[in-house]
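See structure below.
Read-outs: derived from the displayed coordinates by stated rules, not from any lab. No experiment lies behind these values; they were computed from the predicted model shown. All Cβ positions, even for glycine, are placed from backbone atoms using ideal geometry, and neighbour counts span all protein chains on display.
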Amino acid sequence: MEGEQAKVNLLAVAEELGHEIRIFTNSATSAASKEMSASSNEEPDDFFDLTPEDYYRIMSDRIGAQSQVLKTRKMREAEAAARRERITKAVIRVRFPDNYILEAKFHPSEKIENLMHLLVKVLARPDLPFYLYTTPPKERIKDTSKDFYSAGFAPGAIVYFSYDLPKDKESDGAVAKTGPYLRDDILSLNGLDFTSEKVDPVTSEPEPPAAETSPAVPDPKPPVKKPTKPKWLKL
């Protein structure tokens, strides 16, 4: 019964939001996240400084981009179109300061503002301004008119949630630091998973019955004629 009820709850939420969602937590860092969220809404800015590994990764990406200049424009456009056609979905995970993660699936051609509209529906305080950012380095997502593919969020990406409150609002500041960030009924879906995509079971077709064969009948031998003597022969 619990499994059926979970299915009903997930379907009801999916119908309300227009998207199937998953709610879960990152258990590996839950303790550290709770300690950090108690003192601050987000990590300090120096946390997002580039490390040597990040620098070399970015430089290697730039070198790869420069090699694309050697190709003709039509070749680059054809390759880009082929890559885009292969990507059919964008799985976006939004991580909140209290360590809850919301996952939703979009089409790569949908815009980031669709994700913002979805978050307004699931937030405990949709009246408070908020923004999303990526890391590292920390970069606020400002242009929400981009589609997920153009923003580099397809086939998947992790973004981070933060309230955008002035420091003088102490009453709302407590909520921004400690949460909860999601509605109670949304949090109750934590750990539940249900996909509406049904896969037809593969059944093997019965083998056709073997053709019945009658036992082999030997060809009848021609009757053996007894030798007869001609009438004129007298012994």
Please compute the net charge surrounding Ser109, taking Lys and Arg as +1 and Asp and Glu as -1 over other residues with Cβ under 15 Å from its Cβ. +3
Cut-off 14 Å between beta-carbons: net charge of the residues surrounding Arg183, Lys and Arg +1, Asp and Glu -1: -3
Taking Lys and Arg as +1 and Asp and Glu as -1, residues besides Phe24 with C-beta under 10 Å from its C-beta add up to 0
Segment Ala81-Asp193, length gained on full extension (0.36 nm per residue, minus Cα span): 37.0 nm
For a label point 7 Å from the Cα of Glu113 along Cα→C-beta, name the residues of region 119-145 whose backbone N is under 13 Å from it. 143-145
Please give the peptides 101-113, 129-141 ranked by average Cβ packing (other Cβ atoms within 10 Å per residue), highest first, as a rough proxy for protection. 101-113, 129-141
Between Leu192 and residues 5 or more places away or on another chain, which pairs have amide H atoms under 5 Å apart, with H built 1.01 Å from N, and which residues are they? Ile23
Extension gain from Met59 to Asn9, taking 0.36 nm per residue of separation minus the Cα-Cα distance: 13.3 nm
For region 85-100, Karplus-derived ³J(HN,Hα) couplings (6.51, -1.76, 1.60; θ = phi - 60°; whole Hz; x for glycine and proline) come out as 5, 6, 9, 10, 8, 10, 8, 10, 10, 9, 9, 9, x, 8, 6, 7
Would you grab the residues whose amide H sits under 5 Å from the one on Ala124? Only those 5+ places off in sequence or on another chain, please, with H modelled 1.01 Å from N. Leu182, Arg183
